[in-house]
Amino acid sequence: MSETETIQLIKFDIDQYLRDGDATIAKRAEVEAVADKIHDEGYENIFLLGIGGTFDELDMVRYFMNKYSEVEVHLINAAEFNVLGHNRLKKNSVVITASASGDTKEIVEAATKISAEGIRVVAFTRPETPLGKISSTVIAAPVATGRCDYTYMLFDVLMLRLLNRRGEFDGYQRFLDQTKNLYRDLVDIRIKFEDKANEIARAYAHEPYSIFVGSGALWGEVVLFSMCILEEMQWVRTRSVTSAEFFHGTLELVEPGVPVFLLKGEDECRALDNRVEAFCEKYTDKLVVIDTAEYAIDGLDPEFRPLISPFIATATMHERLSKHYETYTKHNLDYRRYYRQFSY
């Protein structure tokens, strides 16, 4: 940690981040108890309810639960649910949702309907919010900030404990033990990426549009960065596409001068990412590859690397690249024209 003590990251308080990280780690026991209660009460299936950034964050939960478990898992968009419903939602379903503000309009409406049916709603939010008041179980964030890598830890504990109790994830305790110092590693990763983040932003912040590609456990991160950060917070035009779908349309947009950002993960879908990379190396001179495998986590078993890849992705892209985009576009990340500015 000597390097982290001497190097400062722009718009990032290392000491506060580590204190908040410790608070997040301390919260894991409470989340584990919630998972145990869900398991002991029994459930037929699991619904992950989100919209916008929350939907993207929950995508990695969907991915890993489908990978490890036979349990039926649905990731649903709250706005779509409000008009369509879902015929697999039952009395014995469990709905897991999240809202940092606790008043996300579509999620509150959906959770209200679901709770009225007597279906359990587990919400990562504050208890005094509209969402908190209608949820059967509330897991309050231990820190004020809504950083994704804190959220991912709590999501992981809930998900992996449920799988562990089902006999589908024997490495649960090892995962907890090996990630107790994760946030210190994530500081080091930010520092390692800082110069690259500056170079990327300087080169691409003013491009007319960019293509973002990814897959597997990192697909949610690709959309989160391209849509929620660049489009919403920077008004930068993007196109996001999975590595699997890239070769069925988007490849025809690739030519010299067109930026393609590829976020490479460490799960089974890496083979799809490699195919995109090989193609783009030939047909554009503006390929940016961010590979989570290049960033170390001390003492982490290889089998857990895919689980941690979203943390690395958010530390590099969401947390560092966005700050450098803000510097070069001179567009404040907190400024919106439309979002939450008036009724629509």
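How big is the dipole moment of the stretch 25-83 about its Cα centre under a simple scheme where the beta carbon of each Lys and Arg is +1, that of each Asp and Glu is -1, and everything else is neutral? Debye, nearest 20, please.
For this selection, approximately 200 debye.
Quick check for me: using +1 on Lys/Arg Cβ and -1 on Asp/Glu Cβ, what's the dipole size of the chain about its Cα centre, in debye to the nearest 20?
900 debye
Just the protein heavy atoms count here, and of the accessible area of the chain at 1.4 Å, carbon and sulfur take up 49 percent. Placing unit charges on the Cβ atoms of the charged side chains and taking the dipole of the stretch 1-82 about its Cα centre, the candidate lying farthest along the positive direction among S69, T54, A26 is T54. Accessible area per residue was computed with a 1.4 Å probe on protein heavy atoms; R88 scores about 80 Å². Taken over the alpha carbons of the chain as equal point scatterers, the Debye sum produces base-10 log I(q)/I(0) values at 0.08, 0.14 Å⁻¹ of -0.38, -1.22. Comparing Cα centroids, the stretch 247-280 and the stretch 291-343 end up 19 angstrom apart.
In this structure the amide hydrogen of I96, modeled in the peptide plane, comes within under 5 Å of the amide hydrogens of F47, L48, L49, V122, none closer than 5 places in sequence on its chain. With all pairs of separate Cα atoms included, the stretch 113-235 yields a Kirkwood hydrodynamic radius of 17.9 Å.
Magnitude of the charge dipole for the stretch 212-344, about its Cα centre and with charges confined to Cβ atoms of Lys, Arg (+1) and Asp, Glu (-1), is about 700 debye. Convex hull volume per residue, computed on the Cα atoms of the stretch 54-94, equals 77 Å³. Each of A244, Q234, G216 was placed along the dipole of the stretch 181-258 (beta-carbon charges, centred on the mean Cα), and the one lying farthest toward the positive end is Q234.
Between G299, I312, H324, the Cα set farthest toward the positive side of the dipole of the stretch 296-337 (charges on each charged residue's Cβ, about the Cα centre) is that of H324.
In the structure shown, the pairs K27/K286; K37/K180; K180/K323; K11/K67; K282/K330 are assessed against 31 Å; a Cα-Cα span above that value is assigned to K27/K286; K11/K67; K282/K330. Here the stretch 13-133 is described by how far its Cα atoms reach on the three principal axes: 47, 31, 24 Å, from widest to narrowest.
Each part gets one Cα centre, and for the stretch 54-89 versus the stretch 108-126 those centres are 15 Å apart.
Probe of 1.4 angstrom, ligands and nucleic acids ignored: what's the accessible area per residue over the chain, in square angstrom? Walk me through the numbers on the way to the answer.
Numbers: 14930 Å² over 344 residues.
Roughly 43 Å² per residue, with all protein chains present.
Using only alpha-carbon positions in the stretch 6-57, the gyration tensor eigenvalues give semi-axes of 33, 18, 5 Å once each is multiplied by 5 and square-rooted (largest first). When peptides 282-290, 184-192 are sorted by average Cβ neighbour count within 10 Å, with the highest value leading, the order is 184-192, 282-290.
Out of every Cα-Cα pair that the stretch 224-342 contains, those further apart than 22 angstrom amount to 43 percent.
The values are calculated or read from the model by the stated rules, or taken from the named source; none is laboratory data. Remember, predicted model here, so these are calculated numbers, not experimental data. Every residue, glycine as well, gets a Cβ built from its backbone with ideal geometry; the counts of neighbours run over all protein chains shown. Ligands, DNA and RNA are stripped out before the accessible areas are found, and what is left, the full protein with its side chains, is counted by its heavy atoms. Shrake-Rupley method; radii C 1.70, N 1.55, O 1.52, S 1.80 Å.
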